[in-house]
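Take a look at the structure set out below.
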Amino acid sequence: MTKKYILIGAFVLVAVILGINFLSGPEIPSVPADKPADNSLSAIQGTSDSAKTFTLVDVAAHATVTGCYSVIGGNVYDLTSWISKHPGGDRAILGICGKDGTSAFTKQHGGQEKPEAALKYFLIGTLAK
């Protein structure tokens, strides 16, 4: 009978832990230790003067699961590490790798605070005009 209660207790504990993780919502990337909390492009890149500029050709060269750049709102983001962590699945991110994902991002997340705030951690530059 004691084994039965231990098994039930273990099951309840696992269910509670999984429930807490599920209810806490999607994971928002944490600020890397080597990057400041400031969300300006120069602070994120660690530069003081100019930000890195990319062309659409540069972005298109990073269209795979091992190198995923996307343009959103005129900024360039390296989303490679986010592909497997995206709450909506990897296909949503893979669909915008190597191209301008502004329309797709806005359609799915437009006006939502968390996804827009999460982007700043992946910012690597701006799109050349």
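What follows draws every value from the coordinates through simple rules; no lab data is involved. On a predicted model such as this, the values are computed, not experimentally measured, just so you know. Virtual Cβ from ideal backbone geometry, glycine too; neighbours counted across all protein chains shown.
Computed values, structure above
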{"item": "Cα→Cβ-extended label distance, 7 Å offset, between GLU113 and ALA60, nm", "result": "3.9 nm"}
{"item": "Nearest-20 debye value, the stretch 43-127 charge dipole, Cβ charges on Lys, Arg, Asp, Glu", "result": "200 debye"}
{"item": "Farthest toward positive dipole pole in the stretch 43-127 [+1 Lys/Arg, -1 Asp/Glu at C-beta], among PRO115, ALA60, ALA92", "result": "ALA92"}
{"item": "Pairs of lysine residues in the stretch 43-127 - Cα separation under 16 Å, sequence separation of 8 or more or cross-chain", "result": "4"}
{"item": "Hydrodynamic radius (Kirkwood) for the stretch 43-127, which is based on Cα pairs only, to one decimal in Å", "result": "12.9 Å"}
{"item": "Karplus 3J(HN,Hα) series, Hz, for the stretch 79-92 with 6.51 cos²θ - 1.76 cosθ + 1.60 (x for Gly, Pro)", "result": "9, 3, 6, 8, 3, 7, 9, 4, x, x, x, 5, 4, 4"}
